[in-house]
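Bear in mind these aren't lab numbers, they're just calculated from the coordinates by the rules spelled out. As the structure is a computational prediction, the values presented were derived from the model and not from experiment. When we count neighbours, we look across all protein chains shown, and the Cβ atoms used for this are built from the backbone with ideal geometry, even at glycine.
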Amino acid sequence: MTAARKPKKVNEQYLANAALYYLQRFAASRARLQEVLLRKVARRLMLKTPAAEEVRAWMPEIEKLLDRYEASGLINDTALAEARVAGMRRSGGSARGITQKLRQKGLPVAIVENALENYSEAEGVDDAAALQQFMKKKKFGPFRAANIIADEKRIKKEISALLRAGYNYQLVKVAMKAEDIMPPE
């Protein structure tokens, strides 16, 4: 018969090591790192949920650690948002889709919207240009291969995919009918 495992101790050094190890592998927002650390504490104490009272007792230490990392520049939500926005915009991401994805990652909406504005001003990319890039990438609308028949079912599927990606319906409707856009050679 095996003895039940005992919970391991949690201390400030463990939290710092766990946070640094996570930040070495992933760029993370403050909220995301806090979530990860709470989950690690819960796992270390062998609890089922990070919402348990024992885990919440570690919040002041986690907050101090996050403040220290933010002051040293290891955690920078603004830089993270700008980098993610630039990458997503280059691949044809819509403003709405980018905002939703980055909110799920724990970035505040104000920071994401500011990063979107800065990128739009610097690169001159708005939702119409991003939509065109996305359509090129997915080979939709005027960028569809010549041998693919554009029947009503296919067009509805393409429009649905563009709407799920977060683009405005009016913008999608205009872009799908546009024939003056030259497909890439």
With contacts defined as alpha carbon pairs under 8 Å and 6 or more residues apart, what's the relative contact order of region 127-177 in percent? 47 percent
Using 7 Å Cα-to-Cβ label points, what is the Arg96/Asn114 separation (nm, one decimal)? 2.5 nm
By the Cα gyration tensor axes a ≥ b ≥ c (a/c under 1.5 gives rounded; else a/b larger than b/c gives prolate, otherwise oblate), the shape of region 77-123 is oblate
Here region 36-44 yields Karplus 3J(HN,Hα) values (6.51, -1.76, 1.60; θ = phi - 60°; whole Hz; Gly and Pro given as x) of 5, 5, 5, 5, 5, 4, 4, 5, 5
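For region 1-94, run through the chymotrypsin sites (Phe, Trp or Tyr not before Pro) and keep only the ones in DSSP coil with at most 15 other Cβ atoms within 10 Å of their Cβ. Please report the intermediate quantities before stating the final value.
Numbers: sites: Tyr14, Tyr21, Tyr22, Phe26, Trp58, Tyr69; in loops: Phe26, Trp58.
Hits after loop and neighbour filter: Phe26.
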Anyone know which of Asn114, Asn76, Asn17 comes out most mobile in the 10 Å Cα GNM of the chain? Asn17
Give the lysines reachable from Lys8 as a straight Cα distance under 30 Å; neighbours fewer than 8 places away on the same chain don't count. Lys40, Lys48, Lys64, Lys105
GNM on the chain, C-alpha springs below 10 Å: top fluctuator among Ala79, Ala28, Ala145? Ala145
Placing each pseudo-label 7 Å from Cα in the direction of the beta carbon, Lys157 and Arg25 end up separated by a distance in nanometres of 3.7 nm
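Pulled fully out, how much extra length does the chain show between Ala122 and Val174, if you take 0.36 nm times their separation in residues and subtract their Cα-Cα distance?
Working: separation 52, 0.36 × 52 = 18.72 nm, distance 2.54 nm.
Stretched fully, the Ala122-Val174 segment lengthens by 16.2 nm.
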Using θ = phi - 60° and the Karplus curve 6.51 cos²θ - 1.76 cosθ + 1.60, what whole-Hz ³J(HN,Hα) does each residue of region 93-105 get, with Gly and Pro shown as x? x, 7, 4, 5, x, 5, 4, 5, 5, 6, 5, 5, 7
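Report the trypsin sites (Lys or Arg not before Pro) located in region 1-71 that are in a DSSP loop and have at most 15 other Cβ atoms inside 10 Å of their Cβ, or state none. Numbers along the way, then the final one.
On the way: sites: Arg5, Lys8, Lys9, Arg25, Arg30, Arg32, Arg39, Lys40, Arg43, Arg44, Lys48, Arg56, Lys64, Arg68; in loops: Arg5, Lys8, Lys9, Lys48.
Counting only loop positions with at most 15 other Cβ atoms within 10 Å, the trypsin sites (Lys or Arg not before Pro) in region 1-71 are Arg5, Lys8, Lys9, Lys48.
Under 8 Å for C-alpha pairs, at least 6 residues apart: give me the relative contact order for region 49-172, rounded to a whole percent. Could you put the intermediate results ahead of the total?
Values: 82 pairs, mean separation 32.9, N = 124.
Reported as a whole number, the value is 27 percent.
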Can you tell me the relative contact order of region 12-72? Whole percent, Cα pairs under 8 Å, sequence separation 6 or more. 34 percent
Select from Pro142, Pro60, Pro108 the residue whose mean-square fluctuation is largest in a Gaussian network model of the chain (Cα-Cα springs shorter than 10 Å). Pro60
Grab the DSSP H runs of the chain that are 4 residues or longer, score each as -39,500 (n - 2.57), total them, divide by all residues and round the 222 nm result to the nearest 500 deg cm²/dmol. -20000 deg cm²/dmol
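Rounded to two decimals, what is the ratio between the C-alpha radius of gyration of the chain and 2.2 N^0.38 Å? Can you show the working numbers first?
Details: Rg = 22.7 Å, N = 185, 2.2 N^0.38 = 16.0 Å.
For the chain, the normalised Cα radius of gyration is 1.42.
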